[in-house]
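The values are calculated or read from the model by the stated rules, or taken from the named source; none is laboratory data. Because the structure is a prediction, the values reported are computed rather than measured. Virtual Cβ from ideal backbone geometry, glycine too; neighbours counted across all protein chains shown.
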Amino acid sequence: MSLNLTDITLTYPDGDSRLTALDRVTLDVPAGSVTAVVGPSGSGKSSLLAVAATLITPDHGTVTIDGTSTTGLSRRALTELRRHTIGIVFQQPNLLPSLTAAEQLQVMARIDGRSPAQARTRALELLDAVGLADQAGRRPHQLSGGQRQRVNIARALMNAPRVLLVDEPTSALDHERGAAVIDLLTDLTHRQATATVLVTHDPAHLTAVDQVAEVQDGRLRVPCR
């Protein structure tokens, strides 16, 4: 259940030329491990995450998930791959205000075709795993920022993804709540054997991860852990 980016180059139009966002990037993320991706703003972190999520097709290189290359897959096939294989935790939870914590998760399973009973069972299991079993019936305005981010993480895990991609999950949280979210992510990664990529600006979180990679001007430095 690993994630492998091999020799990835990504460019964008920039007037009459092209701007290189990623320059021959190679990154291996084993199952059951967390790789933190760090670097200054504009260095290519978001582009790397988008390529890993198959939301952007690189100019060159290969994305391989659990031994399967995404090269040449149709748009529909990529959508199915993301639905069943990739979980994405966005920087802002973006929870639906009218739904309870459990319902936020159940929507994901219903999209995947599971029965209401199966969806609710899975949702309650995950809310328990992130420490929110007693908050299942609460709506977003009744939850703290840290609790909303935990719902966000649980939602990303709803369809048992092999790859978990996390974009700055602690940016709106204080240090204590942020550390708790990182601890939760690392614990869930190890227990559920996902290959997790965590984009972060906060060096305080790096001691909790298995590997650290730094992006500068689109180039990936050899992981320093």
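Can you tell me which residue in segment 1-32 is farthest from V215 (Cα to Cα), limited to those that are surrounded by fewer than 20 Cβ atoms within 10 Å (Cβ to Cβ) and of a type in the set (G, A, S)?
G15
From the list V29, V51, V25, V34, pick out the single residue that is under 30 Å from A204 (Cβ atoms), over 15 Å from the mean Cα position of the chain (by Cα) and among the β-branched types (V, I, T). Lay out the reasoning, then the answer.
Details: V29 fails: over 15 Å from the mean Cα position of the chain (by Cα); V51 fails: over 15 Å from the mean Cα position of the chain (by Cα); V34 fails: over 15 Å from the mean Cα position of the chain (by Cα).
Just one listed residue meets the conditions, V25.
Name the residue that is farthest from V51 (Cα to Cα), counting only residues in segment 4-20 that are at pLDDT 95 or above and not polar (S, T, N, Q).
So, considering only residues that are at pLDDT 95 or above and not polar (S, T, N, Q), the one farthest from V51 (Cα to Cα) is D7.
Is it the case that segment 40-60 has a residue that's β-branched (V, I, T) and touching a residue at least 60 places away in the same chain (Cβ under 8 Å)?
Within segment 40-60, the subset β-branched (V, I, T) is 51, 54, 56-57.
Narrowing the set further to residues that are touching a residue at least 60 places away in the same chain (Cβ under 8 Å) leaves none.
Checked segment 40-60: no residue is β-branched (V, I, T) and touching a residue at least 60 places away in the same chain (Cβ under 8 Å).
Considering only helices (runs of 4 or more DSSP H) fully contained in segment 50-146, which possess at least 2 residues that are touching a helix residue (DSSP H, G or I) at 6+ places or on another chain (Cβ under 8 Å) and at pLDDT 95 or above?
101-111
With respect to the numbered conditions (1) in contact with a strand residue (DSSP E or B) (Cβ under 8 Å, 6 or more places away or on another chain); (2) loosely packed, with under 14 Cβ neighbours inside 10 Å, which one is the sole condition not fulfilled by A77?
Of the numbered conditions (1) in contact with a strand residue (DSSP E or B) (Cβ under 8 Å, 6 or more places away or on another chain); (2) loosely packed, with under 14 Cβ neighbours inside 10 Å, the odd one out for A77 is (1).
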